[in-house]
Structure formats: C-alpha cells, structure tokens
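Please treat every number below as a calculation from the coordinates, not as lab data. The shown structure was predicted, so the numbers you read here are calculated from the model rather than taken from an experiment. Cβ: placed from backbone, ideal geometry, glycine included. Neighbour counts: every protein chain shown.
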Amino acid sequence: MGQPVREYLLTLCITAAVTYLLTGPVRKFAIAAGAMPEIRARDVHREPTPRLGGIAMFGGLCAGLLVAAHLTNLKDVFELSNEPRALLSGAGLIWLLGVLDDKWGVDALIKLGGQMIAAGVMVLQGLTILWLPVPGVGPVSLTPWQGTLLTVALVVITINAVNFVDGLDGLASGMVCIAAAAFFMYAYRIWYGYGLESAAPATLFAAVLMGMCLGFLPHNIHPARIFMGDSGSMLIGLVLAAGAISITGQVDPDAMKLFAGSETAAVHATVPVYIPLLLPLTVIAVPFADLVLAIVRRTWRGQSPFAADRGHLHHRLLEIGHSHSRAVLIMYFWSALIAFGAVAYSVNSVGTWFVMAIVALSGVGLVLLLLPRFTPRVPRWAEGFVPPRYRRGNREAAEEAADTGAVAEGGAEDGAAAGQVAEEPAPQPVPAGINGATAIGDRSRFTHRRRIGTPQ
C-alpha cells in the first residue's frame, strides 16, 4: 500500500523493541523497589511477582510517538493535529497514578478521580467528541459539556474494563493487542480509503498500542516474569479509548460522500460511519462484559462495585477445568471474533458468507468452552512441533504411572486390612511456577484414574 504502511510498521517495531528492552531493567528495578505485593485471595499466581511493567510500556509509547514525529508522512499528524500531545499528556498522568498504585496502593475512588482528570486533560487539548453520527438522523453536534461528559465516560469505562480483565498472564496485553489490530485496520481504511486526514491520529494510536503490547507480551506470557500492573493496564486502556474518541468524534461523515444512489445502497454505504459508535465497545466486548457482570454481581451481594472477588470470566474458566494457557487462548479467540467481525461488517462487500462464518466460529468457541479437559493427540510425525504434553508417548506413560500408583495404593490398603502396618507415603509438595503464576490449586494435568472399590 505504499510508503505510509512501512512508516507505520517502523513505528510499531520501534515501540515494541523499546518496550521489550526496557522490561528487563524495569523488572529488576521493581524487585529492588519492593513493588512485589503479597499474594491476595483473588490472585491466580502463587509466587510474588514484580509489577510496574507499565514503566516499560510508557517508554515504548514515548519512543513510538517520537519516531513518528520525524517520519515523512506521519509527521503531518503532529503538525495538523494536537491530539498526539493530548494523548501523551493524559497518558503521563494515568501512568503516574498507576505507578503510585503499584508501589503503595491507591484508594479506588482516588483512582477514579485520577482517571477523570486524565480524560479532562485530553479534552482541554482538543481530544474530544464533537459530534455523533446517529442512524436515521445524521451527524448530531454536541455542546462542549455534552462532548466532555461523553469523552470522560468512554475513557473511564475503557480503562476499567481493561483493568478488570488483567487477571491472567498475558491476558490484558494480548486482548488489547487484538483490539488495536482490528482498530488499525478500520482507521487505516477510513484515512486512505476515503482520504480523510482527520483519521490519521487514530491510526497512529492503534499502531503504537500494538507495539506496546507486542513488546511486553514475551515477558508476560505464562509463567509471567513481570506484571504490567495498574500502571500498564490503565495506560493501554487510555490509549485504546483515545483512538476510539478521535475517529468517532473528529471524522465528518459528510466528507465521505456516501449518500448517493438508491436508498438501500446509501444505508449500506453508511455502515462505516456508524461503526465507530459500536467499535469502541466491540473491541473490548469481553472486558466490558466482565466489567458489567462484576458490578451487577457485587451490587447484588450488597458489596461495593470496586470490591475485589474471584468471579471474573477468567476465574470461571479456570474453575471449570481449563488450564491457564487455554483460558487465555479462549479469551483471545472471542476477542478476535468480535473485534474483527465488527470491522469486517463495516466493509461493503460482506454478505451471507460472512454471517455463516461468524456462526461457525462461534460454534467452535462454544465447543472449546465445553471441553475444558480435552487434550488433542497429534500424529507421530508432528510430535516434534508441539509441546510435550500433546505427545502420545508422554501421555501414555503418565496414564500408566497413574494406574500403577492406584494399584499400589489399593495393595497397601489390602495389606493394612490383613494386619500389616502400611506406612503412609509422604505428601509431595506442589511445584510452584517459575517467576510467575500457575493455575489455581494443585490439579493434575492428567485425568486421575483409580480402581473400582478404592477410596478417592
């Protein structure tokens, strides 16, 4: 697609590289600073793990914007718009608040006030919603107060939705990266497909956000060596919200010149105009659903909406038997299905095949949810390309060992019943994760088998 794509790719790679290289020193700094809170009741990991990963992500954000400001095509974004500076100002405030919370802990109401202040700073610098495209009515101009309230509400909701879903290794960074990729495709199409320069800042924000998440993800996958903490989760939530605000309230729908031809064609052509109303919610549909369910659940129990618990979606996936990695992949799958499905629907060429594909993929997702303990067997020739737990020989050896243990247990019980003294085997310690989180409890990876008639 030409040189702009290469510049976006360069910005993404620089952001990812800086974030990746900074995460190691930041981890050592977090350990030295004591930013390793004790294990809480709702936590999944079983070893104290350093936080403050948001410091590296903020460094990647600054590096990406700095590089983009000196590129041939992307520097026009900084010359014609004040939105990148507004994003950097709001991101700096929310990042500082997150660092304080990761180190010393900040009250929930204070964090909410800080999120609103960060959103207000962006509004004062021009990053706000000016109008809304309403179906059947057209663009509706908003008063300054209406635009400010709507902007602050969208920022706060997105930040807290991402923060709520940050409960498993690599979950928040991976889901936001998927959302940013879908949003980049949409924003790039609006910019170069319709020639609207006002969509350029949102496209840049999405590229930088992808780089931040991709650079941090290798350090955060299970078992995680470092957590992003609130300094990272609130930061990427704000960047995602900033892109949605920019392309929703700054792009003039009339400039697309879509209202031509028959009425049916005009309605179908205006889909890209109305998608921004839904896209900010679709790209965070899973975290947003988790946020709403958490508020309803806690309020129903008479608790504060900010009270912590273990009822989030990722906790429930672990409780029904999914492993840590599989729970994360399932959340990735549903996020990608909803986000890219919404973007694909904004393309005029989609039809019945698209609906059928979404239905089929949704069925696959439901099957994955209903088979928490299913482990596929791969052919012999492919065993060298998969993890050891999927290899046929290792599975058969583990199952045979489980059966042998059950037989030995039954024989010892029979001997004890005959008057012999059977020494009870010493309990085996539960292995802990390596510098990170493990699944809840000491559940065995393989199905426990025993002989009929022997006690559990």
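Data for the structure
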{"item": "Residue-span extension gain [V292 to L9] - 0.36 nm each, minus C-alpha spacing", "result": "98.4 nm"}
{"item": "At R0 = 25 Å, FRET efficiency that the Cβ-Cβ distance of L21 and T72 yields, to 0.05", "result": "0.45"}
{"item": "Packing-based ranking, highest mean first, of 166-174, 85-93, 64-72 given that Cβ atoms within 10 Å are counted", "result": "166-174, 85-93, 64-72"}
